[in-house]
Amino acid sequence: DRGFLSDEFYNMPGLGALYSRASTYIFGDWNKCGELMGLAPYGRHGNVKPLMQIKDNVLTVPRWTSELNKPYIADSGEKWETSPLMKHWEDLAWRVQDDTEKVLLARAAWLRETTGAKNLCIAGGVALNCVANGRVARESGFENVWIQPAAGDDGIAIGCAYYGWLEILKQPRSFVMDHSYVGRRYSDQEVGDAIAKFLVSVQTTQTKSDNIARDTAKLLADQKVIGWFQDRSEFGPRALGNRSLLADPRKPEMKDILNSRVKHRQPFRPFAPIVLYERAKEIFEGEEDSPFMLIAKNVRPEWRNRIPAIVHVDGTARVQTVREETNPTLYRLLKEFDA
């Protein structure tokens with residue numbers, strides 16, 4: 001029961017370690033947890049016995065048994081999704097995702113009952129599991145659930161900085177993180193220099209726009225795929241509309257075009273919708289805001305056939321809500337696309 005690509009995860013009893021263990025088993029890579037979450041809805045319920053359980057607030061993670069003896073097989077020239085092991089992998093993905101949701105809900109309920117708190121903040125790699133986050137936001141009983149946008153190891157930097165500011169320097173709390181656009185800004189000159197490089201310039205045409213939102217919306221409506229590079233980059237693993245691939249969600253084939261031709265990844269992988277904050281409740285179920293694309297919501301039935309490229313097989317979507325005050329350029333683009 002030892003791992004052959006990520007041995008360190010095979011002796012850790014935590015929830016995140018188990019999820020990574022399943023990722024190694026299915027994809028041959030401990031860090032494909034997002035793919036594992038995307039594969040889970042295709043699995044048959046109950047075909048694999050529980051991989052962990054929580055009782056009386058104690059988490060038990062049994063050893064990885066010899067029954068799970070069909071690990072990821074390196075490329076043989078065939079497509080990964082045509083492997084005869086595919087159904088087994090889907091079933092295991094469903095199981096580890098279902099276990100994860102149950103454990104997180106149990107932990108959240110215990111926290112609420114023992115502390116009486118109304119607000120819940122979540123960080124850590126497991127907090128990137130937007131399906132589980134959605135259930136915690138809707139079912140745990142907290143009035144507000146906030147998830148840190150750089151919820152993996154990169155977010156440790158925020159914790160270290162806050163510890164220094166609050167605990168060592170004893171400074172007051174004042175900052176509110178309502179967006180993650182804290183990276184570098186690039187000037188028109190820097191963009192021009194990059195485009196002017198020989199191998200780039202022979203393949204591209206430059207056009208200046210006096211209304212970038214209107215012109216891009218027209219291209220999107222004409223079924224073009226856009227590489228959108230604006231303002232400061234996002235902190236964390238999610239592309240949140242400043243370093244994003246954008247496409248029209250109204251045609252179901254757009255998902256396959258992006259997966260096969262642009263992203264070069266498995267066809268089951270879903271794409272995430274960006275939506276005007278004030279229109280979100282009209283299209284998706286649930287009251288909770290999702291500015292960092294970290295909460296999965298059910299797409300309302302009357303909208304599923306209208307935006308099929310972003311509806312996952314289970315009827316959900318990983319939503320990003322966009323407010324004018326936090327990303328005015330992206331907000332303007334959405335308004336133009338609506339028009």
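The values are calculated or read from the model by the stated rules, or taken from the named source; none is laboratory data. A quick note: this is a predicted structure, and the numbers were derived from the prediction, not measured. Quick reminder, even Gly has a Cβ in these numbers, built from the backbone with ideal geometry, and neighbours come from all protein chains shown. For the accessible areas, the whole protein counts, side chains as well, though only heavy atoms, and no ligand, DNA or RNA atoms are used. Shrake-Rupley method; radii C 1.70, N 1.55, O 1.52, S 1.80 Å.
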With the condition kept exactly as written, say whether any residue in the stretch 219-238 is among the β-branched types (Val, Ile, Thr) and part of a loop (DSSP other than H, G, I, E, B). yes
Test VAL182 against the stated conditions and say whether it is surrounded by 11 or more Cβ atoms within 10 Å (Cβ to Cβ) and in contact with a strand residue (DSSP E or B) (Cβ under 9 Å, 6 or more places away or on another chain). yes
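Results for (1) open to solvent by 30 Å² or more (accessible area, probe 1.4 Å); (2) more than 16 Å from the chain's Cα centre (by Cα), shown as yes or no for each residue.
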site	(1), (2)
ASN211	yes, yes
ARG214	yes, yes
PHE235	yes, no
ASN259	no, no
Which condition number in (1) among the hydroxyl-bearing types (Ser, Thr, Tyr); (2) closer than 25 Å to PHE229 by Cα; (3) crowded, with 18+ Cβ neighbours inside 10 Å is the one that SER187 fails? (3)
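Only one residue in TYR10, TYR42 is of a type in the set (Ser, Thr, Tyr) and either at pLDDT below 90 or surrounded by fewer than 11 Cβ atoms within 10 Å (Cβ to Cβ) (or both). Which one?
Going through TYR10, TYR42 in turn, just one is of a type in the set (Ser, Thr, Tyr) and either at pLDDT below 90 or surrounded by fewer than 11 Cβ atoms within 10 Å (Cβ to Cβ) (or both): TYR10.
In the list ALA106, ALA74, ALA93, which residue meets the criterion of being open to solvent by less than 90 Å² (accessible area, probe 1.4 Å), in a loop (DSSP other than H, G, I, E, B) and either in the same structural domain as LEU39 (by the TED database) or at pLDDT below 95 (or both)?
Values: ALA106 fails: in a loop (DSSP other than H, G, I, E, B); ALA93 fails: in a loop (DSSP other than H, G, I, E, B).
Sole residue among the options that is open to solvent by less than 90 Å² (accessible area, probe 1.4 Å), in a loop (DSSP other than H, G, I, E, B) and either in the same structural domain as LEU39 (by the TED database) or at pLDDT below 95 (or both): ALA74.
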Having 1 or more residues that are under 30 Å from SER209 (Cα atoms) and over 19 Å from the mean Cα position of the chain (by Cα) is the bar; report the helices (runs of 4 or more DSSP H) wholly within the stretch 267-339 that clear it. 328-338
